[in-house]
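Following: one structure in structure tokens, then a few remarks.
The values are calculated or read from the model by the stated rules, or taken from the named source; none is laboratory data. Keep in mind it's a predicted model, so treat the numbers as computed, not measured. Don't worry about glycine lacking a Cβ; one is built from the backbone with ideal geometry, like all the others, and counts go over all protein chains shown. What goes into the accessible areas is simple: the full protein's heavy atoms, side chains included, and nothing from ligands, DNA or RNA. Shrake-Rupley method; radii C 1.70, N 1.55, O 1.52, S 1.80 Å.
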Amino acid sequence: KQWYQRRVAITAGVLCMSPVGDSFRTRCRMFPSIVNCCTIDWFTQWPKEALLSVSNYFFHDVDIGVTDEVKNSLSVFCEVIHTSVSSMSERFFAELRRHVYTTPTSYLELINLYLSMLNAKRKQLCAARDRVHNGLKKLLETNELVAKMEVELTALGPKLKVKSEATDKLMQKLEVDQAEADAKRAVVSEEEAVAMEKKKETEAIAEDAQRDLDEALPLLYAANKALDALDKQDIAEVRVFANPPEMVMIVMEAVCILLGSKTDWASAKSLLGDTQFLNKLLNYDKDNIAEAILRKLKKYIDNPKFLPEIVEKTSKACKSLCLW
């Protein structure tokens, strides 16, 4: 007996198939031993009591959030749905000769579908509840913050008023300062324009002076060179005149004026006899000649005969003095 039971346990197999569709019929044609060599147990429809017991079992441990009476009603509802579908399947077969099978698996899928939909809806409602809760929490926090800011703003009201008055006074002062600055800017602009005009005049004078200097420097260098060429013999040549020619007298009068002596011939001869005469001429301060001396020299400079070329015809020594 034990050997038989072991062999049965080893060789026995269980196949579960659904009659729904063409699969069961096709397998029976392809494998006839399923019908000839197997014991077929046909599972029929569950009775109402079994359906109700199964639904009560599934709903018993599930937290639906309702009372037991509501759970019982749900169990009855599931049973009614399944039996009504079975009844309509029989009617469908009677009228159209087509099978629509409602198996216990369909019943279990119905209950699982309800539970899965219940779980999904519960998650959806919980998420919506959490969003509303968080939103209300944020609104309350915002209201508290706004109330706190209103209190702070009320407390800062007098200070803000003082600051506003100080700002208004500062703006008025700035307007006054701006007006004064504009007036000073206008004066500065006028002075700047005048200064620019003077600058232009000064530059023009400087340019004229530079041109005159450029013209005078070669003459100065020539005069100094001419003085360097003079010696005592040349001076003695001029000094020997008892009645000097006109051009010699004109040149010596100009020299006497520059050296601060009288313009007569005796004073001129005295200067010519001075051993430091040439040194005085070479070291003369040409940049600081007094205005009065310049006025006295003007008539000699304006004299058309006061030219080195003309003076040279009378005395070469006086030509050098004329250049100087």
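At 1.4 Å probe size, with the rest of the protein present, what percent of the exposed accessible area of the chain is carbon and sulfur atoms? Mind showing how you got there, number by number?
Values: 14680 of 24870 Å².
That share works out to 59 percent.
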| remark: Per the charge dipole of the chain (beta-carbon charges, Lys/Arg positive, Asp/Glu negative, Cα centre), the residue among Met17, Asn143, Ala120 reaching farthest to the positive end is Met17
| Between Lys138 and Arg97, what FRET efficiency follows from the Cβ-Cβ distance if R0 is 51 Å, with the result rounded to 0.05? | 0.20
| query | In debye, nearest 20: dipole of the chain around its Cα centre with unit charges on the Cβ of K, R (+) and D, E (-)? | reply | 2620 debye
| said: Rounded to the nearest 10 Å², what accessible area does Val151 have for a 1.4 Å probe in the complete protein model? | reply: 100 Å²
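How much length is gained if the chain between Glu49 and Asp214 is pulled fully straight, taking 0.36 nm per residue apart and subtracting their Cα-Cα distance, in nm to one decimal?
Using 0.36 nm per residue and subtracting the Cα-Cα distance, I get 45.6 nm.
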| How far, in degrees from 0 to 90, does helix 68-96 lean away from the longest principal axis of the Cα atoms of the chain, to the nearest 10? | 70 degrees
| Quick one: how many Å² of Lys305 are accessible to a 1.4 Å probe, rounded to 10? | 90 Å²
| note | Rounded to the nearest 10, the angle in degrees between the Cα long axis of helix 104-229 and the longest principal axis of the Cα atoms of the chain comes to 10 degrees
| task | Taking the Cα centre of segment 92-180 as origin, sum charge times position over the Cβ atoms of Lys and Arg (+1) and Asp and Glu (-1), and report the length of that vector in debye to the nearest 20. | result | 780 debye
| task | Might you report the magnitude of the Cβ-based charge dipole of segment 170-309 about its Cα centre, with Lys and Arg at +1 and Asp and Glu at -1, to the nearest 20 debye? | result | 800 debye
| field | the chain: angle of helix 48-60 to the longest principal axis, Cα-based, in degrees nearest 10 | value | 30 degrees
| remark: For segment 222-324, shape from the Cα gyration tensor axes a ≥ b ≥ c, cut at a/c of 1.5 then a/b versus b/c, turns out rounded
| said: Please compute the modelled spin-label separation between Leu282 and Glu109, points set 7 Å along Cα→Cβ, answer in nm with one decimal. | reply: 13.8 nm
| Accessible area per residue of the chain at 1.4 Å probe, in Å²? | 77 Å²
| remark: So Lys161 and Cys28, fully extended at 0.36 nm per residue minus their Cα-Cα distance, gain in nm 37.9 nm
| query | Which listed residue (Ile235, Trp265, Ala183) has the Cα farthest towards the positive end of the charge dipole for segment 131-275, taking +1 on Lys and Arg C-beta and -1 on Asp and Glu C-beta about the Cα centre? | reply | Ala183
| field | Along each principal axis, Cα extent of the chain, largest first, Å | value | 186, 69, 50
| query | So what is the relative contact order of the chain, in percent, for Cα pairs below 8 Å that sit 6 or more residues apart? | reply | 12 percent
| Extension gain, His60 back to Val35 (0.36 nm per residue minus Cα-Cα distance, nm) | 5.0 nm
